[in-house]
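Trainee: Right, I'll just put the structure down here and ask away after.
The values are calculated or read from the model by the stated rules, or taken from the named source; none is laboratory data. Every value quoted in this text rests on a predicted model; they were computed, and no experiment measured them. We place every Cβ from the backbone using ideal geometry, glycine too, and count neighbours over all the protein chains shown.
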Amino acid sequence: MIKAVIFDLDGVLVDAKELHYEALNNALPEKFRISLKEHISTFDGLKTRQKLEMLSQKKGMPLDIHDEVYEMKQLETAKALKNVKVSENLTELFKYLKSKNIKIGVCSNSIRQTILIVLGKLDLFEYIDVIYSNEDVKLSKPSPEMYWRCMIDMKLNAEDVLIVEDSPYGLKAAIKSGANVFRVE
């Protein structure tokens, strides 16, 4: 029996794939920018620092600009997230889960600040039991670490948990966790 649902953030609770893509490209020097297709096929679901490392390896982006690009990307993301709108369907889903005593977690490869901004804009804090960001774990997705930590915090076994994911890296982490997985297209 499912006793908890753990949601990914980007692509699940909020449609932010293009938002992250645009924020990254706005922060990158023009010659290192990527296409939307490339973002979705290669970079989707990774931490910004991982994306920057890949750009250095694949496109020769200098390592000494990583910090500057990272900070600019976070500013661009925070600015764009101010336009996130409350979803009545999402609020109703969270209310329903809580009415059935089902715990709710959020595990995202985003930084904590991004998660808090989005959950605040969606007005969902009162329903959430546990939050994990990429800053709360040693290994981000595709490692299952954040899912395992969330389950431990909830005092639940993997078979009692449903994870809702969309990205290839997130799905790998969810499957490795041993929990039930629902894929969002």
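Trainee: Name the one entry in ILE104, ILE115, ILE34, ILE65 that is outside any helix (DSSP H, G or I), β-branched (Val, Ile, Thr) and either in contact with a Pro (Cβ under 9 Å, 6 or more places away or on another chain) or closer than 23 Å to LYS155 by Cβ (or both).
Mentor: ILE104
Trainee: If you take the residues of segment 156-174 that are over 21 Å from ILE102 (Cβ atoms) and surrounded by fewer than 18 Cβ atoms within 10 Å (Cβ to Cβ), which of them is farthest from the chain's Cα centre (by Cα)?
Mentor: LYS172
Trainee: On the basis of being over 12 Å from the mean Cα position of the chain (by Cα), part of a loop (DSSP other than H, G, I, E, B) and among the acidic types (Asp, Glu), does GLU126 make the cut?
Mentor: The answer is no for GLU126.
Trainee: Check off (1) under 16 Å from the mean Cα position of the chain (by Cα); (2) modelled with pLDDT of 95 or more; (3) surrounded by fewer than 18 Cβ atoms within 10 Å (Cβ to Cβ) for VAL137 and give me the number that stays unchecked.
Mentor: (3)
Trainee: Out of everything in segment 1-21 that is assigned to a loop (DSSP other than H, G, I, E, B) and at pLDDT 95 or above, what residue ends up being surrounded by the most Cβ atoms within 10 Å (Cβ to Cβ)?
Mentor: Per the criteria, the residue is ASP8.
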